[in-house]
Amino acid sequence: MLKPTIRHVGIAVLICCLLSTVALSAPIEKKPFGMTSEGQPVTQYILTNNKGSWIRLIDYGAIVTNLFVPDKDGKLGDVVLGFDTPEEYEMAGPFMGCIAGRYANRIANGMFTIDGTTYAVTMNQGTNCLHGGFKGLAKRMWQADTGMTPDGPTIRFTILDPDGAEGFPGNVNVTVLYTLTNDNILKVQYYATTDKPTPINLTHHSYFNLRGDGKADVLDDVCKIFASHYLPVDKTLIPTGEIAPVAGTPFDFTKAKRIGTDIKSLPGATPGYDHAMVLDNSNGDFAEAAVVYDPVSGRQLECWTTEPCTHFFTAANLNNLPGKGGEIYTPYRAFCFETQHYPDSPNHPDFPNTILRPGHVYRQLTEFKFTVPEQPLQVGQ
């Protein structure tokens, strides 16, 4: 069985780690970003590194709303999809730019059992619980503070997910730190503790478009994923339990190919990738998960993580959806690398463990590195 990435470290160590990471006195630009449908004011934070790249985030959903990095001509462009108002981010559908949880991805039939007790959680996608339910972490207000680290500007988001929220057991304290490093890396660090055994699976859910501003699809982007296996799913996108080899299937990205090369051979009226790719390095070490190169802009994205899989998603669900600046998002306008544990793990004992217990600390690190390489990824590499 693949090893879990939940670390068993002391609470005191976690607190010292967090406090030493962020210098809370550093000034960072912030401004109002409207209000939620419940009348809560939303604040947007702007972090700029010493290369001139910058990121905007809001305290609703701990969402990345904008991320500007340079192309091959040095021109900054926004490489994530999103919206202009909090009301649009409140929509049930795309989960753009958020922290998804308490359990990212799907739990079958909204049920699981821990230590002989069965829990029923919200079924917000058919018979499944998706990304924590209707009011998961992606649809809640977080607390935010900001500062500078040696790597670059940082924002720390914290939230208490109370016992019984969406049916999940335990009071869970979650901390997520985003750092825009001076090497144009978006570093995302996660920590969580609980007072009752509970499943936890957190991920960042940006919709990336390296061309910039979401004005073109990503089917010609060249992609490599360091995964020799994937999780086949049933018609509701729940894993069957099999860990299958990608060889000879459309899921084989072990050699780089265009995202669109085999996409039409997938099922559905608008076929797309929406599958967990089991990473070759799945033992909790920090390792490269995927790389994507856009030949038009010259931007390349590397994804590194401690997680055992990345959920690869090509946004086939975007159906003339109004986005930022009046742009209309259509299918394949983005790709997601949702680094995480396996979907529906609480119902699959052979999958890596996702049950967090009192006295233990959930930890995860994922980095998205943006470059304009002299020798970019090429088809066949």
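The table below lists the values:
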| read-out | value |
| --- | --- |
| Qualifying position, being closer than 27 Å to LYS215 by Cα and among the hydroxyl-bearing types (Ser, Thr, Tyr), among THR270, THR254 | THR270 |
| Flag for GLY52 being over 22 Å from LEU137 (Cα atoms) and in a loop (DSSP other than H, G, I, E, B) | yes |
| Strands (runs of 3 or more DSSP E) within region 267-345 that include 2 or more residues open to solvent by 20 Å² or more (accessible area, probe 1.4 Å) and touching a residue at least 12 places away in the same chain (Cβ under 8 Å) | 274-278, 287-293, 300-305 |
| LYS235, sole failed condition from (1) part of a loop (DSSP other than H, G, I, E, B); (2) more than 18 Å from the chain's Cα centre (by Cα); (3) in contact (Cβ under 8 Å) with a residue 60 or more places away in the chain | (3) |
| Check on PHE351, more than 27 Å from LYS196 (Cβ to Cβ), in contact with a strand residue (DSSP E or B) (Cβ under 9 Å, 6 or more places away or on another chain) and open to solvent by less than 30 Å² (accessible area, probe 1.4 Å) | no |
| Residue within region 172-194 that is in contact with a Lys or Arg (Cβ under 8 Å, 6 or more places away or on another chain), under 30 Å from GLY260 (Cα atoms), open to solvent by 20 Å² or more (accessible area, probe 1.4 Å) and assigned to a strand (DSSP E or B) present | yes |
| Residues of region 210-264 classified as aliphatic (A, V, I, L, M) and in contact with a helix residue (DSSP H, G or I) (Cβ under 8 Å, 6 or more places away or on another chain), total | 2 |
| Filter result (modelled with pLDDT under 95 and in contact with a helix residue (DSSP H, G or I) (Cβ under 9 Å, 6 or more places away or on another chain)) within region 136-159 | GLY147, THR149 |
| Criterion: at pLDDT 95 or above and closer than 30 Å to VAL296 by Cα - qualifying residue of VAL42, VAL79 | VAL79 |
| Hits in region 73-100 (condition: part of a loop (DSSP other than H, G, I, E, B), open to solvent by 10 Å² or more (accessible area, probe 1.4 Å) and closer than 12 Å to GLY212 by Cα) | LYS75 |
| Positions within region 180-209 being touching a helix residue (DSSP H, G or I) at 6+ places or on another chain (Cβ under 9 Å) and more than 27 Å from ASN50 (Cβ to Cβ), in sequence order | THR193, PRO199, ASN201, LEU202, HIS205 |
| Set TYR103, TYR119, TYR60: member being in contact (Cβ under 8 Å) with a residue 24 or more places away in the chain, in contact with a strand residue (DSSP E or B) (Cβ under 7 Å, 6 or more places away or on another chain), under 30 Å from ALA216 (Cβ atoms) and among the hydroxyl-bearing types (Ser, Thr, Tyr) | TYR60 |
| Total residues in region 230-253, condition within 24 Å of ASN281 (Cβ to Cβ) and either open to solvent by 50 Å² or more (accessible area, probe 1.4 Å) or among the hydrophobic types (A, V, I, L, M, F, W, C) (or both) | 12 |
| Where ASP59 falls short, out of the listed (1) modelled with pLDDT of 95 or more; (2) more than 17 Å from the chain's Cα centre (by Cα) | (2) |
| Matching residues in region 356-381 - criterion: being part of a strand (DSSP E or B) and either open to solvent by less than 30 Å² (accessible area, probe 1.4 Å) or over 30 Å from PRO169 (Cβ atoms) (or both) | LEU356, VAL361, TYR362, GLN364, THR366, GLU367, PHE368, LYS369, PHE370, THR371 |
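The values are calculated or read from the model by the stated rules, or taken from the named source; none is laboratory data. As the structure is a computational prediction, the values presented were derived from the model and not from experiment. Methodologically, a virtual Cβ is constructed for each residue, glycine included, from the backbone with ideal geometry; neighbour enumeration extends over all protein chains shown. Keep in mind that these areas ignore ligands, DNA and RNA; they rest on the heavy atoms of the full protein, side chains included. Shrake-Rupley method; radii C 1.70, N 1.55, O 1.52, S 1.80 Å.
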